[in-house]
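The values are calculated or read from the model by the stated rules, or taken from the named source; none is laboratory data. Remember, it's a predicted structure, so these values are computed and weren't measured experimentally. Because the Cβ atoms are built from the backbone with ideal geometry, glycine has one as well, and the counts that use them run over all protein chains shown.
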Amino acid sequence: MSDPAVKTASIKNTAKKVFIKTYGCQMNVYDSERMNDVLVPLGYGATDRPEDADLIILNTCHIREKAAEKVYSDIGRLKIIKQKRHDAGQDSLIAVAGCVAQAEGQEIIRRARAVDMVFGPQTYHRLPDMLKKIADGSKSVIETEFPTEDKFDGLTSKAGPKRLSHGVAAFVTVQEGCDKFCAFCVVPFTRGAEFSRPVSQIEDEVHQLVKAGVREFTLLGQNVNAYHGADPLGNLVSLGALLDRLEKIDGVDRLRFTTSHPRDMDDALIETLAKNKAVMPYLHLPVQAGSDSVLKAMNRQHSAKEYIDLIAKVRRAIPHLALSGDFIVGFPGETDEDFEQTMALVREVTYAQAYSFKYSIRPGTKAGDIKDQVPEEIKSARLARLQELLLEQQLTFNEKSLNQEFDLLLERQGRQDGQLIGRSPYLQAVHIEAKDHKIGEIVRVHVDKVGPRSLSAHIIEQ
Ligand code: SF4
């Protein structure tokens with residue numbers, strides 16, 4: 001799981017307005033886009049102002065501490081907006097979606113009466129039905145069961161909503177849920193068991209996105225390299241084979257995938273990473289900790305040495321790989337020595353980029369019941385040391401890009417006039433002056449300047 005982000009979806013100028021606030025991981029960003037796609041045929045366009053919205057959706061994440069409390073405090077603010085709109089003769093609905101909705105269910109309506117709808121991550125394809133129930137007079141709607149039908153069926157069938165594009169790089173969920181049950185994680189409870197979408201559904205969605213101008217696709221899954229969807233003949237296809245199939249679609253220029261689990265990193269995927277030119281040389285492979293006793297307590301199902309050996313194998317196949325990871329410091333029972341083993345692993349493996357957090361209790365998880373919690377000040381001190389080391393490694397990785405040339409996909413406008421920002425194959429943000437170029441172009445660049453968080457480059461005329 002990666003860095004928390006809060007974004008709003010953005011399609012404008014339609015009769016009714018929806019405001020979606022997205023908390024958490026890329027999969028939530030994807031889900032919010034799909035909710036938007038579901039709502040467009042119902043006449044909704046996106047707004048980034050809750051004050052203008054007929055429908056407000058909080059697409060929540062349960063990964064951080066006090067996630068539910070943050071959602072309740074947001075609802076408190078939205079309740080005032082809802083009341084003001086009501087007083088002005090404009091009604092609005094508040095919906096809580098995502099993992100907090102899944103975990104809290106009915107409790108949300110009990111605690112926050114301003115909320116009209118609560119629905120989990122597996123049910124947003126039912127949004128039209130939920131809205132109809134409210135329109136028909138239901139006081140509130142709660143949908144937190146795991147439905148028997150496949151939500152993606154409803155989203156990709158011919159009658160389903162079109163996949164709308166929100167740029168030149170898009171997420172495509174290929175796998176959801178998880179059977180690994182890491183002791184700190186709520187995903188197996190909020191997203192359910194591991195599920196892989198059929199190949200043809202994914203190909204259809206990618207075709208739609210290519211038509212809409214997307215050039216780079218990031219395949220998403222909580223445990224993406226456990227992907228094993230069926231092809232049209234009923235044969236199970238691995239993630240490596242799926243990437244190889246998608247690369248053949250005309251218009252698919254770049255492919256990425258996240259988040260992988262070390263246990264599911266098979267040779268076929270390593271070979272695809274090494275040989276498939278469209279698959280970018282970037283791998284997000286979390287280890288979480290460097291101590292075997294902590295890894296065991298986390299139920300990660302591998303040792304530190306197995307992880308280190310795996311990375312060495314991947315690097316033998318792809319020497320220039322950009323490796324990314326996730327770390328949790330201060331897991332219950334983590335000693336000073338355990339933490340030093342994490343530092344030693346980071347020094348040995350070396351990362352291009354990584355996400356690191358202090359352990360926090362997520363209700364309902366096994367680790368939440370462990371009594372031996374690490375004091376907050378120790379967690380903070382360990383995190384500061386780890387982040388300093390990771391940032392140093394990020395700068396070292398970026399420094400290797402100085403005076404290098406590579407292809408850059410221009411993704412968005414920079415702050416300055418004429419400046420565009422793109423992503424390198426290694427997922428670095430690269431700033432360039434590009435007055436004569438447009439977003440969506442892939443240009444060859446030479447890197448002139450590097451920093452820990454971004455690079456500057458100029459276009460090489462070819
Ligand atoms: S692999 Fe572990 S951390 Fe990742 S989603 Fe599954 S249970 Fe959560």
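At a glance:
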| item | result |
| --- | --- |
| Condition met for Lys162 (basic (Lys, Arg), within 16 Å of the ligand (Cβ to nearest atom), touching a residue at least 40 places away in the same chain (Cβ under 8 Å) and not assigned by TED's automatic domain parsing to the domain that holds Met27) | no |
| Those residues of region 274-283 which are touching a residue at least 12 places away in the same chain (Cβ under 8 Å) and surrounded by fewer than 22 Cβ atoms within 10 Å (Cβ to Cβ), in sequence order | Ala274, Asn276, Lys277, Ala278, Pro281 |
| Region 165-205: number of residues that are part of a loop (DSSP other than H, G, I, E, B), away from the ligand (no atom under 15 Å from the Cβ) and over 12 Å from Leu220 (Cβ atoms) | 5 |
| Residue tally, condition under 25 Å from Lys180 (Cβ atoms) and not in a loop (DSSP other than H, G, I, E, B), over region 209-221 | 4 |
